[in-house]
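**Student:** Okay, here's the structure, questions in a sec.
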Amino acid sequence: MGQNLFNKVWNLHSVKTLASGQTQLFIGLHLIHEVTSPQAFGMIRSLDLKVIHPERTFATVDHIIPTDTRQRPFKDFLAEEMIVAIKDNCEQYGIKYFGVETGQQGIVHIIGPEMGLTQPGMTIACGDSHTSTHGAFGAIAFGIGTSQVRDILATQTIAMNKLKVRRINVNGKLKPGVYAKDITLHIIRILGVKGGIGYAYEYGGSTIEALSMEERMTLCNMSIEGGARVGYVNPDQITFDYLEGREYAPKGADWEKAISYWKSIASDKDAEYDDIVNIKAEDIAPTVTWGINPGQAIGIDENIPTLEQVEESEKETLIEALEYMKLISSQPIQGTKINVAFIGSCTNGRISDFEEVAKYVKGFKVAPGVRALVVPGSMSVKVEAEKRGLHKVFEEAGFEWREAGCSMCLAMNPDKLKGDEICASSSNRNFKGRQGSPTGRTLLMSPLMVAAAAIKGEVTDARKVFNL
Amino acid sequence: MSLKQIKSVFGNGVFVTGNDIDTDRIIPARFMKCVTFEGLGKYTFYDVRFDELGNSKNHQLDKLEHQGASILISGSNFGCGSSREHAPQALFHFAIRAIIAESFAEIFFGNCTTLGIPCVTVTHEIARQIGEITEQNPKAAIEIDLEKKLIKIKSDSSSIGTYSFEIPENARISLVNGEWDSLGELLSNQDTVKELVGKLPYANNWK
């Protein structure tokens, strides 16, 4: 039997079996941001350690950065303290820092791929659970805690348990108006928010193979929402075409060598898996969450489930979710009034997301009373979108066009919900209070569904609004 | 680095009910604007414990009878969501020293182990039973015995329950042996790391 990508890459990066039985794993690319790294540098200093491979760590600022103005010092002095800390830490230890002044700042999971730092067959770690995004390239990429950020700074390795591998096949043609975001919400809905614990998800099948790199990133991004720390797609020609010519991608004679390595780490045709799940693309509808975890999702035409419709173990969470969301069982999700619409984040803040939405919103207006934000994932995405005139389309439709950052995904910057506002959001988490107000409510969906909700002022079927 | 061998954790319990308790709930993101972990304890479960004006909701964690409780009991998929170590750090600074739950999210589990906070798994029924014991008898003495993989609960020195638990064996060994923070061991293998780098095409300039 052949081997899967996860096992091949894992074995190539295994340094040693530790006394505990865990593996010491070499990390090829380490990405850091301002929230989970300063404490790690503090630990390095207090232990009098060095950063062993500063050239393998890259830094940016994304979580706390305001998206309405870049004026320094930031109004929030805690945010200012954090941005100063990461810059100083990078300078002291010789780490490349993509701050605003470089023109390359952005969400860490957007800039890694766009600069060609993210490559197949690597191990990639970052103090952020959405690091699974980078798996789109056929890398083993995962989120880590701050003590592990310290471990990588000091040793370029971490201690980790090997994961099992679940192959998720999605085959067939997606219906119009159904996107990578819907695939991932559908998978999480089926397998549950803890279904992936202990697993890496390998996504494959004809539907996945037909996805663009940016769509694959959206898909892998939310693996962790299904409990899987790692999600990946095998590298193929689409991967290579995306990487060719990017700043940090191999060049010249190295390019051919790189391709041969990248092909060698892809899963063998007869690879073994610990589990296999098959999904039909035609079964996937534009999907919307109604609850307080990303697994509480339904197709846009469905009604909010009743107690009888969910498994015994989910009943308690259903009651809690409905109470928090102020929604009612057996009612349609369509027609739920929204206050805020957010398009952006490491899930859906890339150029193709904006291009796709802009194609349809031309000529429409955001409904009165709805606050609608479009936030590019990186400064490069912003520049490219403006070059294509997309910002004008959004502004004419009544969306605010912002600077690059995490924005309203996670409430560490000024973009937040107020009170119990409901937000149609292209981000990745609908946890209680996630978007900054302890009573704020989040409905996750694809960017086009967010745009449709912004225009109608309520959750609606984008396929009908835009005649798809 | 010499670390404490964690063979047992003793303490009183506090029951935080619910499944899928995520890291945003354990420490809301707005309190993560900090460059050290020291001050996080007071914001632990903040929005669960306080209303929007900052008034106490008299949550279990704040009830007089649970003051000083160091063992948290909860439902399934505890610690899901973000990889932020701020969550276990907040719990640690809130004086939590062990967690009993039906299941744990993976990154959270690893982060806790690295801080020397054992996370042990029991069935839904047992989590509920232990939770109810702590509600009826907040001063019940709980011992999590990592060598025997047993939770022993006593009241006035007479036993009121013994339950077995599960924990991944390598986490258990590292806690019991005082090797739960692996940095020292990772540092000691740098020669092997160098050898490996030499064989990795991308780490070796594609040679």
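**Student:** The conditions are (1) more than 7 Å from chain A (Cβ to nearest Cβ); (2) β-branched (Val, Ile, Thr); (3) open to solvent by 40 Å² or more (accessible area, probe 1.4 Å), and residue B:14 fails exactly one of them. Which is it?
**Tutor:** It is condition (3) that residue B:14 fails.
**Student:** Still on this structure: Residues to consider are B:97, B:30, B:25; find the one that is under 22 Å from residue A:225 (Cα atoms), open to solvent by 10 Å² or more (accessible area, probe 1.4 Å) and under 17 Å from the mean Cα position of the chain (by Cα).
**Tutor:** The conditions single out B:25.
**Student:** Hey, among the residues in segment B:156-171 that are open to solvent by less than 40 Å² (accessible area, probe 1.4 Å) and not β-branched (Val, Ile, Thr), which one's farthest from the other protein chains (Cβ to nearest Cβ)?
**Tutor:** B:161
**Student:** Among the candidates B:41, B:79, which residue alone is in contact with a strand residue (DSSP E or B) (Cβ under 9 Å, 6 or more places away or on another chain), more than 10 Å from chain A (Cβ to nearest Cβ) and within 19 Å of residue B:114 (Cα to Cα)?
**Tutor:** Going through B:41, B:79 in turn, the sole match is B:79.
**Student:** Follow-up question, since we're still on this one. Please pick out the residue among A:392, A:382, A:387, A:432 that is closer than 26 Å to residue A:334 by Cβ and open to solvent by 20 Å² or more (accessible area, probe 1.4 Å).
**Tutor:** Unique residue meeting the criteria: A:432.
**Student:** While we're here: Quick one: is residue A:61 away from chain B (no Cβ under 12 Å), among the β-branched types (Val, Ile, Thr) and open to solvent by less than 10 Å² (accessible area, probe 1.4 Å)?
**Tutor:** Considered against the rule, which asks whether it is away from chain B (no Cβ under 12 Å), among the β-branched types (Val, Ile, Thr) and open to solvent by less than 10 Å² (accessible area, probe 1.4 Å), residue A:61 comes out as yes.
**Student:** Is there a residue being more than 23 Å from the chain's Cα centre (by Cα) and open to solvent by 40 Å² or more (accessible area, probe 1.4 Å) anywhere in segment A:346-358?
**Tutor:** no
**Student:** For segment A:419-428, which residues satisfy the criterion of being in contact with a strand residue (DSSP E or B) (Cβ under 9 Å, 6 or more places away or on another chain) and over 24 Å from residue A:131 (Cβ atoms)?
**Tutor:** Passing the criteria: A:420, A:421, A:422, A:423, A:424.
**Student:** Pull up segment A:328-344, narrow it to residues that are out of contact with any Ser or Thr (no Cβ under 7 Å at 6 or more places or on another chain) and open to solvent by less than 70 Å² (accessible area, probe 1.4 Å), then point me to the one that is farthest from residue A:369 (Cα to Cα).
**Tutor:** The residue in question is A:332.
**Student:** Only one of these is surrounded by fewer than 17 Cβ atoms within 10 Å (Cβ to Cβ), at pLDDT 95 or above, over 22 Å from residue B:34 (Cβ atoms) and not assigned by TED's automatic domain parsing to the domain that holds residue A:411: A:116, A:121, A:103, A:138. Name it.
**Tutor:** A:103
**Student:** Residue by residue through segment A:15-43, note down the ones that are farther than 18 Å from residue A:149 by Cα and either of a type in the set (Asp, Glu) or facing chain B (nearest Cβ under 9 Å) (or both).
**Tutor:** Matches in segment A:15-43: A:16, A:18, A:19, A:20, A:21.
**Student:** What number of residues in segment B:116-149 are closer than 25 Å to residue A:129 by Cβ and either open to solvent by less than 30 Å² (accessible area, probe 1.4 Å) or at pLDDT below 95 (or both)?
**Tutor:** Qualifying residue count, segment B:116-149: 6.
**Student:** With the condition kept exactly as written, say whether any residue in segment A:76-84 is touching a residue at least 24 places away in the same chain (Cβ under 8 Å), among the β-branched types (Val, Ile, Thr) and either in contact with a His (Cβ under 6 Å, 6 or more places away or on another chain) or within 22 Å of residue B:84 (Cα to Cα) (or both).
**Tutor:** Yes - at least one qualifying residue is present in segment A:76-84.
**Student:** Residues to consider are B:58, B:19; find the one that is closer than 30 Å to residue B:123 by Cβ and within 8 Å of another protein chain (Cβ to nearest Cβ).
**Tutor:** After ruling out the rest, the residue left standing is B:19.
**Student:** Look at residue B:185 and say whether it is within 10 Å of another protein chain (Cβ to nearest Cβ) and not polar (S, T, N, Q).
**Tutor:** It is true that residue B:185 is within 10 Å of another protein chain (Cβ to nearest Cβ) and not polar (S, T, N, Q).
Here is a yes/no grid of residues against (1) touching a residue at least 40 places away in the same chain (Cβ under 8 Å); (2) open to solvent by 40 Å² or more (accessible area, probe 1.4 Å); (3) assigned to a strand (DSSP E or B); (4) within 10 Å of chain B (Cβ to nearest Cβ):
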| residue | (1), (2), (3), (4) |
| --- | --- |
| A:8 | yes, no, no, no |
| A:52 | yes, yes, no, yes |
| A:68 | yes, yes, no, no |
| A:91 | no, yes, no, no |
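**Student:** Right, something else. Could you list, in sequence order, the residues of segment A:254-285 that are within 14 Å of chain B (Cβ to nearest Cβ) and open to solvent by 90 Å² or more (accessible area, probe 1.4 Å)?
**Tutor:** A:256, A:257, A:263 - these are the residues of segment A:254-285 that are within 14 Å of chain B (Cβ to nearest Cβ) and open to solvent by 90 Å² or more (accessible area, probe 1.4 Å).
**Student:** Can residue B:78 be described as among the aromatic types (Phe, Trp, Tyr), open to solvent by less than 10 Å² (accessible area, probe 1.4 Å) and within 24 Å of residue B:166 (Cα to Cα)?
**Tutor:** Answer is yes for this residue.
**Student:** Can I ask one more? So which pairs qualify, if the first residue must be in segment B:58-75 and over 13 Å from residue B:97 (Cβ atoms), the second must be acidic (Asp, Glu) and open to solvent by less than 70 Å² (accessible area, probe 1.4 Å), the Cβ gap must be under 7 Å, and the two must be at least 6 apart or on different chains?
**Tutor:** Note: pairs meeting the criteria are B:75/B:102.
**Student:** When only residues in segment B:1-11 that are assigned to a loop (DSSP other than H, G, I, E, B) and not hydroxyl-bearing (Ser, Thr, Tyr) count, which is least open to solvent (accessible area, probe 1.4 Å)?
**Tutor:** If we take residues in segment B:1-11 being assigned to a loop (DSSP other than H, G, I, E, B) and not hydroxyl-bearing (Ser, Thr, Tyr), then B:6 is least open to solvent (accessible area, probe 1.4 Å).
**Student:** Would you mention how many residues in segment A:24-50 are farther than 11 Å from residue A:152 by Cα, touching a Gly at 6+ places or on another chain (Cβ under 8 Å) and not in a loop (DSSP other than H, G, I, E, B)?
**Tutor:** So the count comes out to 0.
The values are calculated or read from the model by the stated rules, or taken from the named source; none is laboratory data. Computed from a predicted structure; not experimentally measured. For neighbour counting, all protein chains shown are included, and Cβ atoms are generated from backbone atoms with ideal geometry for every residue, glycine included. With ligands, DNA and RNA removed, areas are computed over all heavy atoms of the protein, side chains included. Shrake-Rupley method; radii C 1.70, N 1.55, O 1.52, S 1.80 Å.
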